[in-house]
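Visitor: First, the structure itself, so that you have it in front of you.
The values are calculated or read from the model by the stated rules, or taken from the named source; none is laboratory data. This is a predicted model, so every value here is computed, not measured. A quick note on method: Cβ atoms are made from the backbone with ideal geometry, for glycine too, and the neighbour counts reach across all protein chains shown.
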Amino acid sequence: MSQLQTDLRGLELTGTPYERGVTHGEAFADEIANNVDLYLDVFEYKGTDEKTVYEQADEFVPLIEDENEEYFQEMQGIAEGSGLDLEDITVLNARYEVMYSAFKQAADEVDEETPDACTAFGVQPEITADGHTYIGQNWDWMPGLETFVMEIKRDEKPDMVSMTEAGIVGGKIGVNEHGIGMTLNGLVTEKDGEHPFRKPYHVRFREVLDAERMDQAIAPLITKDRACSGNVIVGHAEGEMVNLEIAPETSNYLYPEDHLITHANHVEDRTSMSSEFEKLIPDTLCRAPRLKRLLSRHRGEIDDEVLAEALQDHFGRPNSICRHPDEDEPELDRLRTNGSYVIDLSERRMLGTGSPPCETNYEEFSAT
Ligand SMILES: [Zn+2]
């Protein structure tokens, strides 16, 4: 199992959803198998055996097909291309939901849950150097997880670039040809995992970047109840952006203040939901304010370089914005920045890394 990626690869995906899936599966067969093994290891470590995980996956197969037929066909293509079973691919595509519900069953304690930990930002054109709109984030997750950038070219829906974990159709951080983009952070709230079999987050993320307008991009995140919680910034090239804190049955809507918004892994608006993740990773309470301060110093001068430098900040290391594995933690509890992303929505362009940004250079991807 590889522990360090030196850069971030891209893969062009064209044709029907099934054909795109086959291309994805063939190109990243080893990485997909690696990711399945890694998730099964971490589920086992958290107290959920393989049999239970696959029973959950079986429930998600018809649910995903019913929610989004094209998504399901792309999953079938990945299974065909990689030589793995559809259930293996389903474990990955519903891993967010399986993780919450599996841990709920195993422990029924919020501090057993460890979803993606991240620090995200949105910057409106009023305070950028070039008048462009930017969003982005560091994505903090398990070392050894294999990622790449899907470069999707298609006729019926928007072209897009989106970072994904090998084997997952949905992606989670990206931009499409209409200048719509999104970021993702994990949140933990008290009702997570009570109703596991709801439309998976990764299916919703694909639908965000299928959109031509902001309202179409927001709808899939908030219109159906969810199994667990997350935080998504949806932004548009014209400068509009909304930060959605979404729990199983409620959503909060936050907007930039002084043209800047940052968010980490605790709920900022606790009127409609609890916030639990900070009990496990208290550093979340410092990361978002820290990023806001680092960027505020450059009001009017914010560009790729300023953003990339802020994402390499080591205040509180190892549990910093640029996160490094905490050697005092058991191996399967460790997190690190597995990717750093700066998205220029105005130019439909994404800079990304496959490891902590202090250790590698950004690669550039374009949705046009
Ligand atoms: Zn670093």
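Visitor: Would you be able to tell me the number of residues in region 116-134 that are farther than 24 Å from VAL36 by Cβ and within 13 Å of the chain's Cα centre (by Cα)?
Guide: Going through region 116-134 one residue at a time, the tally reaches 2.
Visitor: Give region 211-257 a look and list any residue that's in contact with a Ser or Thr (Cβ under 8 Å, 6 or more places away or on another chain) and farther than 26 Å from ARG95 by Cβ, or say none.
Guide: HIS236, ALA237, GLU238, GLY239, MET241, listed by residue number.
Visitor: Quick check on this structure: which one of GLU305, GLU327 is within 16 Å of the ligand (Cβ to nearest atom), outside any strand (DSSP E or B) and surrounded by fewer than 16 Cβ atoms within 10 Å (Cβ to Cβ)?
Guide: Result of the check over GLU305, GLU327: GLU327.
Visitor: Right, another one. Kindly indicate whether VAL61 is without any contact (Cβ under 8 Å) to a residue 40 or more places away in the chain and either of a type outside the set (Phe, Trp, Tyr) or surrounded by fewer than 18 Cβ atoms within 10 Å (Cβ to Cβ) (or both).
Guide: For VAL61, the condition - without any contact (Cβ under 8 Å) to a residue 40 or more places away in the chain and either of a type outside the set (Phe, Trp, Tyr) or surrounded by fewer than 18 Cβ atoms within 10 Å (Cβ to Cβ) (or both) - is met.
Visitor: Any residue in region 32-45 that's closer than 17 Å to TYR96 by Cβ: show its pairings with residues that are among the aromatic types (Phe, Trp, Tyr) and modelled with pLDDT under 95 at Cβ separation under 9 Å, as long as the two are six or more apart or on different chains.
Guide: PHE43/PHE103
Visitor: Something else now. Inspect all residues belonging to region 341-349 and state whether any of them is surrounded by 15 or more Cβ atoms within 10 Å (Cβ to Cβ), touching a Leu at 6+ places or on another chain (Cβ under 6 Å) and closer than 17 Å to THR119 by Cα.
Guide: Yes: one or more hits.
Visitor: Out of the residues in region 311-324 that are without any contact (Cβ under 8 Å) to a residue 40 or more places away in the chain and within 9 Å of the ligand (Cβ to nearest atom), state the one that is surrounded by the most Cβ atoms within 10 Å (Cβ to Cβ). Show your work before the answer.
Guide: Filtering region 311-324 for residues without any contact (Cβ under 8 Å) to a residue 40 or more places away in the chain gives 313, 315-320, 324.
Add one more test, that the residue is within 9 Å of the ligand (Cβ to nearest atom), and what stays is 313, 317-318, 320, 324.
On the way: ASP313: 20, ARG317: 14, PRO318: 18, SER320: 22, HIS324: 19.
Among them, the one singled out is SER320.
Visitor: For THR271, state whether it is over 18 Å from the mean Cα position of the chain (by Cα) and away from the ligand (no atom under 16 Å from the Cβ).
Guide: yes
Visitor: Any idea which of (1) in contact (Cβ under 8 Å) with a residue 24 or more places away in the chain; (2) assigned to a helix (DSSP H, G or I); (3) more than 20 Å from GLN76 (Cα to Cα) is the one ASP7 doesn't satisfy?
Guide: Unmet for ASP7, out of (1) in contact (Cβ under 8 Å) with a residue 24 or more places away in the chain; (2) assigned to a helix (DSSP H, G or I); (3) more than 20 Å from GLN76 (Cα to Cα): (2).
Visitor: Quick one: which residue in SER296, SER366, SER355 is more than 16 Å from the ligand (Cβ to nearest atom), more than 15 Å from THR262 (Cβ to Cβ) and touching a residue at least 12 places away in the same chain (Cβ under 8 Å)?
Guide: Details: SER296 fails: more than 15 Å from THR262 (Cβ to Cβ); SER355 fails: more than 16 Å from the ligand (Cβ to nearest atom).
SER366 is the lone residue from the list that is more than 16 Å from the ligand (Cβ to nearest atom), more than 15 Å from THR262 (Cβ to Cβ) and touching a residue at least 12 places away in the same chain (Cβ under 8 Å).
Visitor: Looking only at region 337-352, decide whether some residue is more than 26 Å from GLU177 (Cβ to Cβ), part of a loop (DSSP other than H, G, I, E, B) and more than 16 Å from the ligand (Cβ to nearest atom).
Guide: Scanning region 337-352 turns up no residue that is more than 26 Å from GLU177 (Cβ to Cβ), part of a loop (DSSP other than H, G, I, E, B) and more than 16 Å from the ligand (Cβ to nearest atom).
Visitor: Checking PHE197 against (1) in contact with a Leu (Cβ under 7 Å, 6 or more places away or on another chain); (2) modelled with pLDDT of 95 or more; (3) more than 30 Å from SER346 (Cβ to Cβ), only one condition comes out false. Which one?
Guide: Failing condition for PHE197: (2).
Visitor: With the structure loaded, tell me whether THR360 is within 15 Å of the ligand (Cβ to nearest atom) and in contact with a Gly (Cβ under 9 Å, 6 or more places away or on another chain) or whether it fails that test.
Guide: So THR360 passes the test.
Visitor: Within region 20-126, considering only helices (runs of 4 or more DSSP H) that don't extend past its boundaries, which have at least 1 residues that are at pLDDT below 95 and within 23 Å of GLY171 (Cβ to Cβ)?
Guide: 29-45, 50-67, 95-107
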